[in-house]
Amino acid sequence: MSSPVPDRNASFHTTQWSIVVAAGQRDGSGVQPALTALCQRYWSPLYAYARRKGFSSEDASDGVQSFFVRLLEKPFLQTADKERGRFRTFLLTAFQRFLLNELDRRHAQKRGGLVTMDPRDVSEVDSHVSGLSDRDNAEALFERRWALTLLNQVLQRLEQETKDKGRQDLFDLCRAFLVVDESRLPVADIAARTQTSESAVKVFVHRLKTRYRELLLEEVRSTVDNDSEVADELQALFRAVSESG
């Protein structure tokens, strides 16, 4: 099963706070889709936070699932105020309280989850946590996983767009140009493999990078209330990624 990706219909192309408002309307028809969208974005960061706090993989997984169910059952999201800062800060604070009040009792019941986490993603987080030094804290790890999850969603959207245009083969060979990857193939080799010209490959890579930046800005804008906060969020994202090693 692949990693969950938010449904990219028109309703999702709003700010993160718009999704919060929808999720907070307990009797509204948009509650479940909105809450699922939030779960898809923040499952991995919250799971990483719980693991870094010393919870086992099973307890951390159950805890995150139960937390999102609790968001639906209790009016937590109705207290979210966009004037108080970033939504993920609000969410992490709520999760910290949840861990203290619920998981520390070690009696959390398993419930049906809103999103099934890909076992490979769980393994990746667990491997990352086990390799951290004592100076690495859970809050910083939460920020890293938020950043990496967002970037992964951007890459998945870009891949789907390219696939829809019938160029999955070229995307697979050129995706390494989107990151610092010394193993990427030379343009000449890519051209030979795809039976196209080197100039065509260069144009494709240029367009790929341009579209990647556009999608990244779109994703970041969806996490803030207005465009004036975009630059700060981009700085926070790149800082979190650079500190992830």
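The values are calculated or read from the model by the stated rules, or taken from the named source; none is laboratory data. In this text the structure is predicted, and so the values were computed from the model without any measurement. So basically every Cβ, Gly included, is an ideal-geometry build from the backbone, and we count neighbours across all protein chains shown. Ligands, DNA and RNA are stripped out before the accessible areas are found, and what is left, the full protein with its side chains, is counted by its heavy atoms. Shrake-Rupley method; radii C 1.70, N 1.55, O 1.52, S 1.80 Å.
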Within the stretch 171-208, the residues that are out of contact with any helix residue (DSSP H, G or I) (no Cβ under 8 Å at 6 or more places or on another chain) and either among the aliphatic types (A, V, I, L, M) or not in a helix (DSSP H, G or I) (or both) are 176, 179, 180, 181, 182, 186, 192, 195, 203
Candidate set from the stretch 227-245 (those that are part of a loop (DSSP other than H, G, I, E, B) and in contact (Cβ under 8 Å) with a residue 24 or more places away in the chain); member that is surrounded by the fewest Cβ atoms within 10 Å (Cβ to Cβ):
243
Please enumerate the residues belonging to the stretch 136-174 that are under 15 Å from residue 243 (Cβ atoms), open to solvent by 20 Å² or more (accessible area, probe 1.4 Å) and of a type outside the set (Gly, Ala, Ser).
136, 137, 139, 143, 148, 151
Identify the residue in the stretch 210-223 that is without any contact (Cβ under 8 Å) to a residue 12 or more places away in the chain and open to solvent by 70 Å² or more (accessible area, probe 1.4 Å) and, among all such residues, is nearest to residue 236 (Cα to Cα).
213
Pick from the stretch 176-209, criterion within 30 Å of the chain's Cα centre (by Cα) and in contact (Cβ under 8 Å) with a residue 24 or more places away in the chain, ranking: surrounded by the fewest Cβ atoms within 10 Å (Cβ to Cβ):
209
